[in-house]
Amino acid sequence: QALSNLLLPDHAADAFSPPRLSEPGPWDLLLEQLLGGLSRWDAEHFLFIAERGYLYEHNCAFFPLFPLSLRAVAEGALWPLRRLLRLRSCLLLSAVLLNSLFSTLAAAALYELGCVVLRSRRAAFLAALLFPISPANVFMAAAYSESMFAFLAFRAMWQLEKGQSWLSTLLFSLASGARANGIINAGFLLHSHSKSFALQLQGGSGSVRRLWKQLLGVAASAILMCAGVLLPFALFQYYAYLRFCGPGTGPEQVVPKPLRQLALDKGYQLVATNGVKPPWCSQQFPVVYSYIQDVYWNVGFLRYFELRQIPNFLLALPVTILGCWAAWTYGTANPRHCLTLGLERRKSEEDGKPRAGFCCPAVFVYVVHATVLLVFGFFCMHVQVLTRFLGSSSPVLYWFSAHLLQESEPLLRSEGTDGPTAAPCSGKSLLDKPGGKGAPENPVVKLLLNFRSITPLSKCLLGFFVAYWLLGLVLHCNCLPWT
């Protein structure tokens, strides 16, 4: 990142770029040379919010948990550096340190989740090793909330699989405080409770009165948990309403002149002053998030379907194909399970020998979640963000990639492992060690070192991961379109 940022000139992008109000010192300039490429595009919003709060209306598209964490680290752990660095530099350093931590924890959470859901330590291990070379990797490293969100979401899914519903709700709730799409995770809680009640019905035990009592208990628990996941989103919309729609008279005096001038030049809406309120304040349900997406970024159903956007659709094509392929593979392998919404207990589960691998019953809700994100992102969002949208939200991208590599790659079944790697959809249990004796072998490194001899499918898959990993670093860090 530092090398590409040094060698290539930054593109003059029409992106949010607030003026610096204090002169940088020598240590600030050095930090900018080393890490400045990780503060591009939306990272400017997060760093600005952490430094000055929600000053502009469109800042409210970025949720508060990550900026608050940046400020806490900058004011806490990095406080001794404040004598050498200005606040913004400390915030950038905080972002890099936090995302290094969260991306590592997210990979560990993905492995643990894969062990429980896939019932295959080898498949989970391979998927977790694909996470560090994710095609969305630059967003995991830059001052974005993707790494934090991935860790919270994957850990919450793991807790739910272990039966820790309330702890899972807390983690899902925190994830909703980091990114807006976290509210979709409420579907995991709904499905878990629905499946629990469906299994009780299939058991056929108890009277009608008892079943009604169980239904009411499950419904009340599900409603409370889903409300907990939605609460951060609702509270943040209320905060934005108070800040931009409430009667304010003082904020204009405390906004520095260069920032007021930026609002005039770019048409940004400042906090409510002189009784002037944004149009969304008068809506029956004033939701600033949807208003910002609509007005500032023209996000909406089919709005991105224009000829000039074809390059962005091509950019999103690999992850779109991979997501559709994953849904098709799972659906064709488990048609009855999909038609019953994963609520029917299968015979193999009753016998205590559930299927292992990507096509096992427990993967159903994750495939549905990934497919919903894919369809919504493709038709309703700026399509080029699909790669990071799925890469930071769903384990399916990594599970299915690991599944394809295991199915097609003979090198993963070569000597030095515990034995042949069974195909994940074969129904065999793969609860074997990921490597041979001693330290586990890294299969991803093994494939990359033998790139010329691996299968065409493996080349395409790893080529997609590595190419996007490298291109993202070069293009994003120089303000070129890679968002």
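The values are calculated or read from the model by the stated rules, or taken from the named source; none is laboratory data. Remember, it's a predicted structure, so these values are computed and weren't measured experimentally. Cβ sites come from the backbone with ideal geometry, for glycine too, and all protein chains shown count toward neighbours. For the accessible areas, the whole protein counts, side chains as well, though only heavy atoms, and no ligand, DNA or RNA atoms are used. Shrake-Rupley method; radii C 1.70, N 1.55, O 1.52, S 1.80 Å.
Residues being modelled with pLDDT of 90 or more and either in contact with a strand residue (DSSP E or B) (Cβ under 9 Å, 6 or more places away or on another chain) or on the phi > 0 side of the Ramachandran plot (or both) are entirely absent from region 263-276.
Within region 470-481, the set of residues being more than 18 Å from ILE321 (Cβ to Cβ) and either open to solvent by 10 Å² or more (accessible area, probe 1.4 Å) or among the small types (Gly, Ala, Ser) (or both) comprises LEU470, GLY472, LEU473, VAL474, LEU475, CYS479, LEU480, PRO481. Residues in region 42-55 include none that are open to solvent by less than 20 Å² (accessible area, probe 1.4 Å), of a type in the set (Asp, Glu) and in contact with a strand residue (DSSP E or B) (Cβ under 8 Å, 6 or more places away or on another chain). The residues on offer are LEU38, LEU34, and the sole one that is part of a helix (DSSP H, G or I) and either open to solvent by 20 Å² or more (accessible area, probe 1.4 Å) or modelled with pLDDT of 95 or more (or both) is LEU34. With respect to ARG179, is the statement that it is among the charged types (D, E, K, R), surrounded by 17 or more Cβ atoms within 10 Å (Cβ to Cβ) and within 16 Å of VAL372 (Cβ to Cβ) true? Taking the combined requirement at face value, the residue satisfies it. Within region 2-18, the set of residues being part of a loop (DSSP other than H, G, I, E, B) and open to solvent by 50 Å² or more (accessible area, probe 1.4 Å) comprises LEU8, PRO9, ASP10, HIS11, ALA12, ASP14, SER17.
Table: residues versus (1) open to solvent by 30 Å² or more (accessible area, probe 1.4 Å); (2) modelled with pLDDT of 90 or more; (3) over 18 Å from ASP14 (Cα atoms); (4) out of contact with any Leu (no Cβ under 7 Å at 6 or more places or on another chain).
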{"residue": "GLN284", "(1), (2), (3), (4)": "yes, no, yes, yes"}
{"residue": "TYR289", "(1), (2), (3), (4)": "yes, yes, yes, yes"}
{"residue": "ILE292", "(1), (2), (3), (4)": "no, yes, no, yes"}
{"residue": "PHE305", "(1), (2), (3), (4)": "yes, yes, yes, yes"}
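Could you identify the single residue in VAL319, VAL368, VAL372, VAL396 that is modelled with pLDDT of 95 or more and in contact with a Pro (Cβ under 9 Å, 6 or more places away or on another chain)? None of the others qualify; the one that does is VAL319.
Going by the structure shown, is LEU21 aliphatic (A, V, I, L, M) and part of a loop (DSSP other than H, G, I, E, B)? Step through it out loud before you land on a result.
Values: aliphatic (A, V, I, L, M): yes; part of a loop (DSSP other than H, G, I, E, B): yes.
Yes.
A single entry from LEU215, LEU189, LEU171, LEU211 fulfils the requirement of being without any contact (Cβ under 8 Å) to a residue 40 or more places away in the chain, within 29 Å of PHE62 (Cβ to Cβ) and either in a helix (DSSP H, G or I) or in contact with a Ser or Thr (Cβ under 8 Å, 6 or more places away or on another chain) (or both): LEU171. Cβ separations smaller than 7 Å between residues 6+ apart or across chains give no pair from region 380-407 residues that are without any contact (Cβ under 8 Å) to a residue 60 or more places away in the chain to residues that are surrounded by 24 or more Cβ atoms within 10 Å (Cβ to Cβ) and of a type in the set (Lys, Arg). In region 19-31, what count of residues is obtained for those that are surrounded by fewer than 15 Cβ atoms within 10 Å (Cβ to Cβ) and over 19 Å from LEU7 (Cβ atoms)? Qualifying residue count for the region: 8.
Out of ALA109, ALA124, ALA77, report the one residue that is of a type in the set (Gly, Ala, Ser) and closer than 19 Å to ALA175 by Cα. Talk me through it step by step, then tell me what you get.
Numbers: ALA124 fails: closer than 19 Å to ALA175 by Cα; ALA77 fails: closer than 19 Å to ALA175 by Cα.
Answer to the check: ALA109.
Among the residues of region 119-152, the one identified as assigned to a helix (DSSP H, G or I) and of a type in the set (Ser, Thr, Tyr) is SER147. Per the conditions (1) open to solvent by 20 Å² or more (accessible area, probe 1.4 Å); (2) more than 20 Å from GLY182 (Cβ to Cβ); (3) over 15 Å from the mean Cα position of the chain (by Cα), the sole criterion not satisfied by THR104 is (3). When each of LEU113, LEU70, LEU91, LEU97 is tested for being closer than 24 Å to SER4 by Cα, open to solvent by less than 20 Å² (accessible area, probe 1.4 Å) and under 22 Å from the mean Cα position of the chain (by Cα), the lone residue that passes is LEU91.
Scanning region 420-456 for residues that are modelled with pLDDT of 50 or more and farther than 21 Å from PRO132 by Cβ turns up LYS437, GLY438, ARG452, SER453, THR455, PRO456. Just to be sure before I move on: is PHE389 in contact with a helix residue (DSSP H, G or I) (Cβ under 8 Å, 6 or more places away or on another chain) and surrounded by fewer than 16 Cβ atoms within 10 Å (Cβ to Cβ) in the structure I sent? No: the conditions fail for PHE389.
Filtering region 46-59 to residues that are in a helix (DSSP H, G or I) and more than 20 Å from PHE139 (Cβ to Cβ) leaves GLU51, ARG52, GLU57.
Of all residues in region 279-323, those that are of a type in the set (S, T, N, Q) and closer than 30 Å to LEU55 by Cα total 6. Annotation: LEU70 fulfils all but one of (1) closer than 21 Å to SER173 by Cα; (2) out of contact with any Leu (no Cβ under 7 Å at 6 or more places or on another chain); the unmet one is (2). For region 192-208, residues that are open to solvent by 50 Å² or more (accessible area, probe 1.4 Å) and part of a helix (DSSP H, G or I) total 8.
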